[in-house]
Amino acid sequence: MPLPFLGDASPHRCAWACQDPLLKAYHDAEWGVPVHDGRALWEKLMLDGFQAGLSWRIILQRRDALRAAFAGFDPDRVASFTSADVTRLLQDAAIIRSRAKIEATIGNARAYVAMRARGEPFGPFVWAMVGERSTGSGLTRTPLSEALARALRQRGFRFVGPVIVHAWMQAVGMIDDHEPGCFRAGACATAASGRDAS
């Protein structure tokens with residue numbers, strides 16, 4: 001939820017969210033809010049994978065279509081997708097029609113399900129690697145994002161390089177990377193989006 005502010009003056013925001021209404025709404029309501037629910041974390045990681053080479057605005061514009069195309073980003077359902085589903089998705093003009101990203105999402109659903117079956121639920125796994133929520137540094141990759149990307153790749157994930165993982169960590173509140181002076185800086189520390197163990 002966006003934080004209230006007094007008066008009619010617009011609050012100071014991160015520079016990337018100042019001009020575009022879609023980015024502004026995303027920044028104010030979602031970006032940097034800690035997410036613990038495994039399924040929600042997985043969805044956001046898949047969206048960050050789809051963003052590779054594109055702008056985040058494009059992903060926000062197509063997020064609902066991507067959710068519809070990928071069964072609400074339910075990993076169990078996506079894990080059962082077949083080559084016929086890949087063909088169907090490649091014909092869907094409402095989403096990002098990249099075969100590599102589509103196939104990676106299906107493979108990543110299978111990796112998620114396999115982790116859970118081994119007693120390694122996704123949410124607790126990634127948060128245990130991160131430890132305490134930290135303040136960002138404005139970097140695009142860190143030793144932590146490199147280590148987490150490596151751990152995910154070892155478990156069968158694709159499109160999870162350290163830059164994608166770092167952007168995802170910022171988005172899901174593992175790192176508070178709001179710019180100094182942004183009205184959201186430090187404000188999300190106690191907020192959370194679920195604590196499902198999956």
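I'd like the FRET efficiency for Arg63 and Glu120, computed as 1/(1 + (r/R0)^6) with the beta carbon distance as r and R0 of 45 Å, rounded to 0.05. Could you put the intermediate results ahead of the total?
Working: r = 27 Å, r/R0 = 0.61.
Plugging the Cβ-Cβ distance into 1/(1 + (r/R0)^6) gives 0.95.
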Based on the alpha carbon coordinates of the chain, what radius of gyration and maximum Cα-Cα distance (Dmax) apply, in Å?
16.8, 54
Need one value: the accessible area of Leu41 in square angstrom, 1.4 angstrom probe, rounded to the nearest 10.
0
Computed Rg/Rh for the range 60-173 (Cα atoms; Rh = Kirkwood radius) stands at 0.99
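Over the chain, with the other protein chains present, what is the accessible area per residue in square angstrom, probe 1.4 angstrom? Walk me through the intermediate numbers first.
Working: 9360 Å² over 198 residues.
Dividing the accessible area of the chain by its residue count gives 47 Å².
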Amide H neighbours of Asp176 under 5 Å, counting only residues 5+ apart in sequence or on other chains, H built in-plane at 1.01 Å?
Ser134, Thr135, Gly136
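Using a 1.4 Å probe on the protein chains only, how many percent of the accessible area of the range 33-176 belongs to carbon and sulfur? Working shown, then result.
Working: 3180 of 6110 Å².
Its accessible area is 52 percent carbon and sulfur atoms.
Is it possible to state the helix-based mean residue ellipticity at 222 nm for the chain, with each DSSP H run of 4+ residues giving -39500 (n - 2.57), the sum divided by total residues, to the nearest 500 deg cm²/dmol? What is it? Please report the intermediate quantities before stating the final value.
Values: 9 runs with 100 residues, N = 198.
It comes out at -15500 deg cm²/dmol, rounded to the nearest 500.
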Amide H neighbours of Val33 at under 5 Å, excluding residues fewer than 5 places away on the same chain, with H built from the backbone geometry, are Gly173
Vicinal HN-Hα couplings computed from phi for the range 117-125 (Karplus, 6.51 cos²θ - 1.76 cosθ + 1.60; Hz; Gly/Pro x):
5, 7, x, 10, x, 4, x, x, 4
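Quick one: putting +1 on the C-beta of Lys and Arg, -1 on the C-beta of Asp and Glu, what dipole do you get for the chain around its Cα centre, in Debye to the nearest 20?
Working: 24 positive and 20 negative charges, 133 e Å.
Roughly 640 debye for the chain.
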For a Förster distance of 41 Å, can you work out the FRET efficiency between the beta-carbons of Thr82 and Ala151, rounded to the nearest 0.05?
0.90
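The values are calculated or read from the model by the stated rules, or taken from the named source; none is laboratory data. Because the structure is predicted, anything quoted here is derived from the model rather than measured. Note: ideal-geometry Cβ built from the backbone for every residue, glycine included; neighbour counts use all protein chains shown. Side chains included, ligands, DNA and RNA excluded: accessible areas come from the protein's heavy atoms. Shrake-Rupley method; radii C 1.70, N 1.55, O 1.52, S 1.80 Å.
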